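Values in this text are rule-based calculations from the coordinates and carry no lab data. The structure displayed is predicted, hence computed values, not measured ones. Every residue, glycine among them, receives a Cβ derived from its backbone with ideal geometry; neighbour counts consider all protein chains shown.
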Amino acid sequence: MMNYESVKGKNVMVTGAAGVIGKELLNILISKDANVLSVDRLPLPEGDYGKVKHIMMDLAVDSYDELIEFKPEVIIHLAAAFERSGESPDFWGTNWHDNNLVSHRLVDFIKQLPSLEVFVFASSYLLYNPSLYLSNTQRDGVTYLREDDVIIPRNLCGASKFYTEREIEFVRKVVKPELRQVNARIYRVYGRGSKDVISRWIRNGLANENIETYNKDNQFDYIFAGDVAEGLLVLAENGNAMGNVNLGSGVARSVNDVLNILLDLNILDESLIIDKGVTEDFEASCADLTRLKSLTGWVPPTDLKTGIKKIIDYERGI
């Protein structure tokens, strides 16, 4: 039997709430009648967020006094910075400030919160050993990554996510044993108003602009941002959820699959696609959702084509 703990009437704090996942999450929390505190360096975009208290602040350096006054019972920590898997030298400083410092300071802050019951951290599949799913030649099939697979972070962001997971675990074990901690290891997110490659290609196609592709046989687990938001809340509300949990679609789709959907929906024309061939190692990764299903009974409902249609409608202002 599922141990369900509704967020209705609870104080829920969301960091990084102005981002693509955060906006979806705020809408769900509003519909569930939670008391919501939104925290981001940016203002909230246009939308019906009147019931949300929004604080613009840098979690790495600014005062937490207003956050303490809110007395959060649930924290969903989304705030983070990302680049492509092959990060640029400039990302070193960004990662230190936006991932390491922000998360360390927030985890230190939770020790002061007797009200806090649940901490859900938006982690990443980038902490799994890349040799499990990357190769210099194309493989047959796809690797379904499990929560107990070897951890060797792929890049700076993956290393930061893993370090934060361990910091939260330390606080839970040593300071707040009553705290329920969930590390949602999220896969390739695409969503409305996002900078992800699917959204960029849709915008390019609608503007009749060329797109560049490479490694079209690569396979990823693409998960719609709305499903990520719903999944994070499912994990927050389900008292059985604890520890590391994969959050992906559970379905591997190739870059070619994405292109074919865009061609089928008349968003792209073949003449707009510039194929750069094979430029890096092959990836064939996907989330094993066994643990997510067993803990919550929930799976992400949005298939890739449906998610792409939602983004197209958003970009067209429908």
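Points to keep in mind about this one:
- Amide H partners (placed H, <5 Å) of Leu247, local residues excluded: Arg185, Ile186, Tyr187
- Three-way shape label, the range 206-318, alpha-carbon gyration tensor, a/c 1.5: oblate
- Low-density loop cleavage sites - GluC sites (Glu not before Pro) in the range 232-318, where at most 15 other Cβ are within 10 Å (DSSP): Glu280
- Cα coordinate range in the chain, projected on the principal axes (Å, largest first): 58, 45, 43
- Pairs exceeding a 19 Å alpha-carbon distance, out of Lys195/Lys310; Lys23/Lys161; Lys8/Lys161; Lys161/Lys216; Lys195/Lys309; Lys10/Lys51: Lys23/Lys161; Lys8/Lys161; Lys161/Lys216.
- Cβ-defined net charge surrounding Leu37, 10 Å radius [Lys, Arg +1; Asp, Glu -1]: 0
- Ascending count of other beta-carbon atoms within 10 Å, so fewest first, for Tyr222, Tyr4: Tyr4, Tyr222
- Kirkwood Rh in Å, taken over all unlike Cα pairs in the range 70-211: 17.1
- As a rough footprinting exposure proxy, the listed residues Thr137, Thr296, Thr164, Thr290 were ranked by other beta carbons within 10 Å of their own, and the order from fewest upward is Thr137, Thr290, Thr296, Thr164.
- Per-residue ³J(HN,Hα) for the range 125-137, Karplus 6.51 cos²θ - 1.76 cosθ + 1.60, θ = phi - 60°, Hz, x for Gly and Pro: 5, 5, 8, 6, 4, x, 5, 5, 9, 10, 7, 7, 10
- Going from the fewest other Cβ atoms within 10 Å to the most, the residues Val52, Val14 appear in the order Val52, Val14.
- Stokes-Einstein diffusion of the range 1-107 at 25 °C, 0.890 mPa s viscosity, Kirkwood radius from Cα pairs, rounded to a whole number: 166 µm²/s.
- Evaluating kT/(6 pi eta Rh) at 25 °C and 0.890 mPa s, with the Kirkwood radius of the range 15-64 over Cα pairs in the Stokes-Einstein relation, gives 222 µm² s⁻¹.
- In the range 63-113, trypsin sites (Lys or Arg not before Pro) in a DSSP loop with at most 16 other beta-carbon atoms within 10 Å: Arg84
- Derived scalar couplings ³J(HN,Hα) [the range 14-25; Karplus, 6.51 cos²θ - 1.76 cosθ + 1.60; whole Hz; x for Gly, Pro]: 10, 8, x, 6, 7, x, 5, 6, x, 4, 5, 5
- Residue-wise HN-Hα coupling along the range 236-244, computed from phi with Karplus coefficients 6.51, -1.76, 1.60 (Hz; x: Gly, Pro): 5, 7, 9, x, 7, 6, 7, x, 8
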